[in-house]
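The values are calculated or read from the model by the stated rules, or taken from the named source; none is laboratory data. Remember, it's a predicted structure, so these values are computed and weren't measured experimentally. Cβ sites come from the backbone with ideal geometry, for glycine too, and all protein chains shown count toward neighbours. We work out accessible area using only protein heavy atoms, side chains counted, and drop any ligands, DNA or RNA first. Shrake-Rupley method; radii C 1.70, N 1.55, O 1.52, S 1.80 Å.
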Amino acid sequence: MNPTSTPDPSPKAAAAERRRRYRTPRRIFLGIIGLMVLTVLGFMVYVAFNLPPLAVIENPDSDLSTQLISADGEVLHKYYSRENRVAVGLNEISPHAINALIATEDVRFYGHSGIDPKSFFSILAGLVRGREIRGGSTLTMQLSRNLYEEVGAENKYIRKLKEYLVSAYIERKFTKLEIVQAYLNTVNIYGNSYGIETTANRLFDKRAKDLTIEEAAMIIGMLKGQGVFNPIKHPDTTLHRRNTVINLMVEHGFLDPAQLDIDSLKRIPLNLAAQEEAHIKGAAPYFREYVRQQLGEWCEKNGYNLYTDGLRVYTTLDSRMQRHLEAAVQQHMPALQQDFDRIEQKAQRYLEQDPSILEDMIRLSDRRRSGLKAGKSEAEIKAEFSKPVRMQIFGWEGYQDTVMTPLDSLRHYARFLETGAVSIDPSNGHVKAWVGGIDYRFFKYDHVAEGKRQVGSTFKPFVYGAAINSGYKPCDRLLNQPVVFETPGAGRWVPKNSDGSIGGMMSLSYALANSVNLITAQLINELTPRTVAQFAYDMGISSKLDEVPALCLGVSDLSVLELTSAYGTFANLGVRTQPLVITRIEDKNGRVLANFAPEAKEVLSPEKAYQVTELLMGVVDFGTGHRLRNRFNFKNEIAGKTGTTQNQSDGWFVGATPSLVTGVWVGCADRRIRFRSIAYGQGANMALPLWGHFMQAVYADPAIGLAPVPFPRPASLPAACQPELTAPQSPRTGPDADNLGEGFE
């Protein structure tokens, strides 16, 4: 043993030495780790600070379209601003769409909790390397971007972290099926169409629940990029993408090749529905615009946004009746136009003989108004009207792409006969069908509510109604003789019958049925124009009436809507009901915001109202409306009145049954363009057939179930008198005596 050697240090001393030696590096390392943790936590706090509140995540406030719903449950239209979005339940979505979504976007959707571990690391690697992040987002992560702007506003790191945080919360709060439902209701698929319901309606004109395999695959395939996979602009590319989705559905077990012929499925063409502008597409465009204006006023008054609050607006319109009325227009108007073009040589002689017609059309045109607003001179605007441009024009044979000057297009449209027709339930004022023109795309002016035209003989029932209300009876007889009216400042007015006849005693029933002017003139002479005007106001006429003797022959301008509604007062036994188009408004959650009921008021006794209706039944049974019997073979009770204005500029027919009152007007936009022959230009030829086609279709439709029942006769009313001239006459061989008659001008 060497006495000078140093003993080995103890283990404790060695450990203490090591701790002393690494104390500083350890502190530095832990400080760095702590700093990193604090940085990450701070970053997460910063990110979380800009996340939507939890209450918003649980109840996302996405813009929703307002839906317009018919009385029979059909969605007529959707009003929207930036996003056309409608939310539906999962049971209202085709299972093929759900399967296609899972197969293409997130095949492990049911196995993860919002973040797919298999795709997480590829995303992380991309972030570290600074590469663009492609794919890897689960449906839940995509939903977080769809619902909340705060999530999708950033790029890369911040956006992805936000997606993770919100997705984790969504997965804890909602079931997988609820997440799928929310995703399919919020995703932008095509243009400004958001959600599967809106997209299915726009591309295939059907509900999302009715999508077939290939249709669902096409829509889901478009999620990869609507700019590339656009079925309108790029049908071949979209078809290839659709078939890729079908292959993925097979690969992941959603389609069984043993049960389906997959190759045949992929050979099916896209079969898209006709694509039109949203405000034009669908039924009842004139009605929808009228409702939109009323809704706008209601929303402004009650603090709602028509285009983003997802209201459900229930209307009175019956979609089946609407289709029948539109079909009646399509059936009657082209044939009438052919007669007009053949007889009047396409109205060119009117434009040649009266240059002011075309000058007025230019003056009132949208093109001129836009030019003036843009600061152009009249000379510049006139030059533009003579410059050929490419355009699409309307024709009953179909739309036509052509090149013509705006001036020639005005000449083209000047010749068209237009129409306005509305059908109302007289018992409650519910508007059941509404056609404001022959084609909304090219003729947006609404001839039901906006347009007012001279009504001619359709005003006479108010004269006879005022007489009945004053004590006259349907069988009372008057002498068919001229009446002279001395009008201060306007000279003498001596009305005449359209056929020039005079003499003989006539009952009120026969006189109204055959539209005899002289009897009508005698009545207003005895009653006074003011009495007749007040009676018309009581029945429902809202336009100002000129209280002059010529009022009795319908010189005032009225709308189809108010005239039809006023006739409904007679059919409803003297109870006036204002036209109603909306019955209920609900919010997006189904809570009722407002109910609407018709304003009803008894303005005429049931007995007197029925007597006026009885007079109007005579018009159809043996008068100017007899064509409904001998041409359309109606056997039920119908009350109605034809009307033809001066020079055959306007043709009218208003027909009533206990269940429906329908008014029809036909004429050119410019009154100077018209049938010159009363045989063609009378209301019985221009307007009555449209009514006949419509009611034939309504009665024949078992889904509507409207029975041709008689008018209810008040029990207190004495038996009808039988004047000698009210018996049915033989069918008339000449034109119906229905115009204003000579002596009016």
| If one computes P(r) from the Cα atoms of the range 556-614, what percent of pairs lie at distances over 18 Å? | 50 percent
| said: Just to confirm my numbers, what's the Cα centroid distance between the range 183-218 and the range 298-340 in Å? | reply: 24 Å
| said: Over 10 Å intervals from 0, what percent of Cα-Cα pairs in the range 212-354 sits in each interval? | reply: 9, 21, 17, 24, 19, 8, 2, 0
| task | Compute from the Cα atoms of the range 409-480 the Rg and the Dmax, the latter being the longest Cα-Cα distance, and quote both in angstrom. | result | 18.3, 55
| Solvent-accessible area, 1.4 Å probe, carbon plus sulfur percent, for the range 187-298 | 48 percent
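Which of the peptides 653-665, 535-547 is most tightly packed, and how do the rest follow, judged by the mean count of other Cβ atoms within 10 Å per residue?
653-665, 535-547
In the range 358-417, what is the volume of the convex hull around the alpha carbon atoms, normalised per residue and reported in Å³?
Values: hull volume 4.9 nm³, N = 60.
Value for the range 358-417: 81 Å³ per residue.
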| query | Mind checking the log10 I(q)/I(0) for the range 312-400 at q = 0.13, 0.16 Å⁻¹? Debye, one equal scatterer per Cα, no solvent, two decimals. | reply | -0.77, -0.95
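Take every Cα-Cα pair in the range 587-650 and report what % of them are more than 21 Å apart. Walk me through the intermediate numbers first.
Details: 1105 of 2016 pairs.
So the pairs more than 21 Å apart make up 55 percent of the total in the range 587-650.
Provide the gained length on full extension for the span Glu92 to Thr244, in nm with one decimal, where the gain is 0.36 nm per separating residue minus the Cα-Cα distance.
Details: separation 152, 0.36 × 152 = 54.72 nm, distance 2.50 nm.
Length gained, Glu92 through Thr244: 52.2 nm.
My understanding is that a pair violates if its Cα-Cα distance is over 32 Å; which of Lys78/Lys176; Lys452/Lys588; Lys176/Lys432; Lys224/Lys588; Lys544/Lys601 do that in this structure?
Details: Lys78/Lys176 29 Å; Lys452/Lys588 38 Å; Lys176/Lys432 43 Å; Lys224/Lys588 29 Å; Lys544/Lys601 21 Å.
Distance filter (> 32 Å) returns Lys452/Lys588; Lys176/Lys432.
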| query | Based on the mean of other beta carbon atoms within 10 Å per residue, what is the order of 92-102, 193-203, most packed first? | reply | 193-203, 92-102
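If packing is taken as the mean number of other Cβ atoms within 10 Å per residue, what is the order of 681-689, 440-448, 349-357, 422-430, highest first?
Ranking, from highest mean packing down: 681-689, 422-430, 440-448, 349-357.
Using the Kirkwood radius over Cα pairs, work out the Stokes-Einstein diffusion coefficient for the range 186-246 at 25 °C and 0.890 mPa s, in µm²/s as a whole number. Numbers along the way, then the final one.
Working: Rh = 11.2 Å.
Once the numbers are plugged in, D ends up at 219 µm²/s.
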| field | Virtual spin-label span in nm between Leu372 and Arg671, 7 Å along Cα→Cβ | value | 2.2 nm
| said: If I stretch the segment between Ala594 and Ser542 completely, what's the gain in nm (0.36 nm per residue apart, minus their alpha carbon distance), one decimal? | reply: 16.1 nm
| said: Give me the percent of accessible area attributable to carbon and sulfur for the range 343-471, probe 1.4 angstrom. | reply: 48 percent
| message | Taking 41 Å as R0, compute the FRET efficiency from the Cβ-Cβ separation of Arg323 and Leu479 and round it to 0.05. | response | 0.25
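Would you work out what percent of the accessible area of the range 534-685, with all protein chains in place, is carbon or sulfur (probe 1.4 Å)?
Working: 2140 of 4800 Å².
Its accessible area is 45 percent carbon and sulfur atoms.
In Å², and per residue, what accessible area does the range 502-598 have when probed at 1.4 Å with the other protein chains present? Before the final figure, lay out each step's value.
On the way: 3220 Å² over 97 residues.
About 33 Å² of surface per residue is accessible.
Between Asn636 and Arg108, what is 0.36 nm times their sequence separation minus the Cα-Cα distance? Round to one decimal in nm.
On the way: separation 528, 0.36 × 528 = 190.08 nm, distance 6.61 nm.
Length gained between Asn636 and Arg108: 183.5 nm.
Over the range 642-707, average the accessible area per residue using a 1.4 Å probe and give it in Å², no decimals.
Details: 1570 Å² over 66 residues.
Heavy-atom accessible area per residue stands at 24 Å².
Write down the accessible area per residue of the range 174-295 in Å², having rolled a 1.4 Å probe over the full set of protein chains. Intermediate results must be reported in sequence, preceding the final value.
Values: 5450 Å² over 122 residues.
Here the per-residue accessible area is 45 Å².
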| Pairwise Cα inverse-distance average, inverted: Kirkwood Rh of the range 206-294 (Å) | 15.0 Å
